[in-house]
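The values are calculated or read from the model by the stated rules, or taken from the named source; none is laboratory data. Please read all numbers here as calculations on a predicted model, not as lab measurements. Backbone-built Cβ (ideal geometry, glycine too); neighbour counts: all protein chains shown.
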Amino acid sequence: MDTINVLIVDDSALMRNLVSRMLENVPGIAVVAKAMNGQMALEKIESSTPDVMILDLEMPVMTGVEFMHERKKRGLDIPVIILSSIAHKGAAVTMECLELGASDFLLKPSSVGSEDVGKVADRVVQMVQSYGGAYARKKGKKIPFFSGFGSEFRSAAAKPSTSAAAPSSAESAASAAKPVTSSFTVPAAAQSGPIQAVRESGPIEIIVFGISTGGPNALREVFAGLSPDIKKPMVVVQHMPAGFTAEFAASLNNICPLEVKEAAEGDLLKPGRILIAPGGYHVVVEKRSLASIVHLNQDPPRNGHRPSADVLFESVVKEYQANALGIIMTGMGKDGAVELAEMRRQGARTLGQDADSCIVYGMPRAAFEMGAVQKQVPLNKMAEAINELALKY
């Protein structure tokens, strides 16, 4: 079996080693090179042939942002995952990197010995498998698909020990983050058959999205292709850390013909407006006779997420029944699948991203196998499918 080759770029030797230890014992992943800055990374790309890069933002000689500009200038297509502490205070910088072509981002642990090292390790491995695996397969490598469906990772939440005899945080994280990967076959039809709605579909009054890993770039592609004539309100749950969704919404607003903003408590569901759920908050809708609005809450996470697509979809079932369009796109796990199935049962129209165009065919697969998805659509046709339904119904 071939390996997913990783290039780690960070000016901190401690962080380079920490990230390397998160990956080095994972089957199917190989750390092939490390670099102290963007310039050194450019010099090592040809000899190390990475399938994915993990890139710090704040570095001497050539910063992460400068590297992304040079990457674009040179026409490099190696996926880049941003990993940086500056992202805590520099969401705009992170969004700039996404606009320049970075695939995704995650935050460094607050300290090498902190309790969140294991969680970061899980995410690093998941993203390397997702983005690096997809790129490696395009190059002809034999890499198992990572579906992100079900429980494929052992928990990495064990607290690092401070005793002298205990393994280091990096060693604990690397051990905890060993995945169980497997290939999967895309089902020809939903296992339980398509859901039979209890009522006919009505006019679409709201459009809702659930999306996770692979979402930032997928939404950029879809939103850029939306028709300016759409008069339906939209609400999006994109799994993203708190503090980033305002900048993310602003970046989408720059390329979308419709208004895009981060949702705030009591925001109106206006025709042609897209609201993005804030990181750390669930978003629900309330349909009123004069003006429908959204509410935010910090109830416990559902399916491991807050915001959760299931929470949003559940409120749409209650308020809109058959007068909605639900869309589920690339992402790990099953968030959104159960309540999208209920939306379909109540007569709402539904779309799901297809396996070939997903970075991770987890959430859409779960929904499809429940019979919740009326039609699977490739990413490059998703805007067209939304326009057709939104303008027709």
Of all residues in the range 357-372 being over 14 Å from Gly333 (Cβ atoms) and either assigned by TED's automatic domain parsing to the domain that holds Tyr135 or touching a Leu at 6+ places or on another chain (Cβ under 7 Å) (or both), the one that is surrounded by the most Cβ atoms within 10 Å (Cβ to Cβ): Ala372
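Looking only at the range 286-336, count how many residues are closer than 24 Å to Phe368 by Cα and not in a helix (DSSP H, G or I). Give the derivation first.
Filtering the range 286-336 down to residues closer than 24 Å to Phe368 by Cα leaves 301-336.
From what is left, the residues that are not in a helix (DSSP H, G or I) are 301-308, 321-336.
Adding up the residues that qualify gives 24.
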Go through the range 295-306 and count every residue that is closer than 18 Å to Val208 by Cα and either of a type in the set (Asp, Glu) or touching a Ser or Thr at 6+ places or on another chain (Cβ under 9 Å) (or both). 3
Listed residues Ser47, Ser20; which is in the same structural domain as Pro79 (by TED's automatic domain parsing), surrounded by fewer than 19 Cβ atoms within 10 Å (Cβ to Cβ) and within 20 Å of Arg137 (Cα to Cα)? Ser47
Output yes when any residue across the range 270-282 is surrounded by fewer than 19 Cβ atoms within 10 Å (Cβ to Cβ), at pLDDT 95 or above and within 21 Å of Ala322 (Cβ to Cβ), and no when none is. yes
Just one of (1) in contact (Cβ under 8 Å) with a residue 60 or more places away in the chain; (2) surrounded by fewer than 20 Cβ atoms within 10 Å (Cβ to Cβ); (3) in contact with an Asp or Glu (Cβ under 8 Å, 6 or more places away or on another chain) trips up Pro378, so point out which. (1)
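Matching residues to (1) among the small types (Gly, Ala, Ser); (2) assigned by TED's automatic domain parsing to the domain that holds Leu100; (3) in contact (Cβ under 8 Å) with a residue 40 or more places away in the chain:
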| position | (1), (2), (3) |
| --- | --- |
| Leu226 | no, no, yes |
| Met240 | no, no, no |
| Phe248 | no, no, yes |
| Leu252 | no, no, no |
| Gly304 | yes, no, no |
| Lys318 | no, no, no |
| Gln321 | no, no, yes |
